[in-house]
Amino acid sequence: METIIENELVRELANKHGRTRESLIPILQDLVVQYRFLSKKDMVDVARELDISAADVFGTATFYTFLDTEVRGKYIIRICKTISCAMKGKNEILSTIEDILKIKLGETSSDRKFSLLEANCIGWCHKAPAMLINDTPYTELTPEKVTEILREYIKIQ
């Protein structure tokens, strides 16, 4: 007899977080931490494990910025696109990052080391412009400061 769900991690996460609708986002977040993105198969497995529709899981995953449904780089750079950051020079910061990494907004470097994305808000408006690299915030950015930050990440293997 074929098992309904083959994904042991999804089962473990459901055991940890529960099997209610409220468990969906914590399970998806943990999958992103583990794999750096949500595969279609993982989303279907979550739907089966929680006994909800796959459309509900896909809809939730694609709605939230931080639930990546595409393979991303080791370092995900999220530029805040709020009016506060825009007024304080976000576009100049974005151009600097694109020039240094040779990728455009929405792209991942060919070595899969960096992905460059925008986020609606990262919670640092009072210190704009701001960005996150994975979970680390960087604030009050200037082109020079962003260049220094990226050089350090480029050095890391």
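Nothing in this text is a laboratory measurement; each read-out follows from the coordinates by a stated rule. Small disclaimer: the values here were computed from a predicted structure and weren't measured. Note that we place each Cβ from the backbone using ideal geometry, even for glycine, and neighbour counts take in every protein chain shown.
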> If we count every other residue with Cβ under 11 angstrom of residue 142's Cβ, Lys/Arg +1 and Asp/Glu -1, where does the sum land?
Replying inline: -2
> Percent relative contact order of the stretch 8-63, based on C-alpha pairs within less than 8 angstrom and at least six residues apart?
Replying inline: 35 percent
>> Can you compute the FRET efficiency between residue 55 and residue 107 using 1/(1 + (r/R0)^6), with r the Cβ-Cβ distance and R0 = 30 Å? Round to the nearest 0.05.
In response: 0.60
> Given a Förster radius of 41 Å and the C-beta distance between residue 62 and residue 140 as r, what FRET efficiency does 1/(1 + (r/R0)^6) yield to the nearest 0.05?
Replying inline: 0.80
> Looking at the stretch 75-155, what % of its DSSP beta bridges pair antiparallel, to the nearest 5?
Replying inline: 55 percent
> In whole percent, what relative contact order does the stretch 75-155 give with Cα contacts below 8 Å and a gap of six or more residues?
Replying inline: 39 percent
> Looking at the chain, which longest stretch skips every one of the GluC sites (Glu not before Pro) that is in a DSSP loop with at most 14 other Cβ atoms within 10 Å, leaving the sites themselves out?
Replying inline: 71-139
> Of the lysine pairs in the stretch 64-106, how many meet both conditions: Cα atoms under 18 Å apart, and a spacing of 8 or more in sequence or different chains?
Replying inline: 6
> What is the Cα convex hull volume of the chain when expressed per residue in Å³?
Replying inline: 127 Å³
> What percent does the relative contact order of the chain come to when contacts are Cα pairs within less than 8 Å and at least six residues apart?
Replying inline: 19 percent
> Length gain on complete extension for the stretch residue 11 to residue 127, per 0.36 nm per residue less the alpha carbon to alpha carbon distance?
Replying inline: 37.7 nm
>> Can you show me the helix-derived [θ] at 222 nm for the chain, built from DSSP H runs with n ≥ 4 at -39,500 (n - 2.57) apiece and divided by the number of residues, rounded to the nearest 500.
In response: -14000 deg cm²/dmol
> Which of the peptides 15-21, 37-43 is most tightly packed, and how do the rest follow, judged by the mean count of other Cβ atoms within 10 Å per residue?
Replying inline: 37-43, 15-21
